[in-house]
1. Which order results if 85, 113, 38 are arranged by neighbouring Cβ count within 10 Å, fewest first?
2. Among 138, 22, 69, which one shows the highest mean-square fluctuation when the chain is modelled as a Gaussian network with alpha-carbon springs under 10 Å?
3. With a ≥ b ≥ c the root eigenvalues of the C-alpha gyration tensor of the chain, is it rounded (a/c under 1.5), prolate (a/b larger than b/c) or oblate?
4. Kindly put 10, 47 in sequence by how many other C-beta atoms sit within 10 Å of each C-beta, fewest to most.
5. How much mean residue ellipticity at 222 nm does the chain get from its helices, if each DSSP H run of length 4 or more adds -39500 (n - 2.57) and you divide by all residues, to the nearest 500 deg cm²/dmol?
6. Gaussian network model of the chain, Cα springs within a sub-10 Å range: biggest mean-square fluctuation belongs to which of 48, 93, 102?
7. Taking only C-alpha pairs under 8 Å that are 6+ residues apart, what is the relative contact order of the stretch 5-56 in percent?
8. Report the full-extension gain for the segment residue 25 to residue 123: residue separation times 0.36 nm, less the Cα-Cα distance, to one decimal in nm.
Ligand SMILES: [Zn+2]
């Protein structure tokens, strides 16, 4: 199994390219920031994470199911990832960063104009004056964080 954080994934490249085309400049994978955000917009005090729905345990997402083999192993592994993610967001917010999470499912099966719309929303959030809010861009309309992750064996 490859390392959990694979750099330069396809969804990440898509978003990077689109935001760059929209005129934003950023730095990548800043290891000196909690959670090593994928994109850092220093000028706007904002960071963007692009999360794979499986590795980051996206609740309520149809792209997240625990594998049939060794579900308990995966449950623990993914739980650890989500705990790390939450701690990173909290640490970033505490030190004055604005945080956005773009989930992989938000980027899947998008027509070009839908993709443009999404990139526009992310762009607007990055350049907005909103000082506090962490933002989420996802295809899950109503994430229920109390719900357990579904297992792929359950029908
Ligand atoms: Zn998702």
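Every read-out reported here was derived from the displayed coordinates using simple, explicitly stated rules and does not represent laboratory data. The structure displayed is predicted, hence computed values, not measured ones. Positions of Cβ are backbone-derived with ideal geometry, glycine not excepted, and every protein chain shown enters the neighbour counts.
1. Going from least to most buried by this count: 113, 85, 38.
2. Looking only at 138, 22, 69, the largest GNM fluctuation is found for 69.
3. Taking the square roots of the gyration eigenvalues as a ≥ b ≥ c, the chain is prolate.
4. Least to most surrounded, the residues fall as 10, 47.
5. It comes out at -11500 deg cm²/dmol, rounded to the nearest 500.
6. It is 93.
7. 23
8. Extra length available between residue 25 and residue 123 comes to 34.2 nm.
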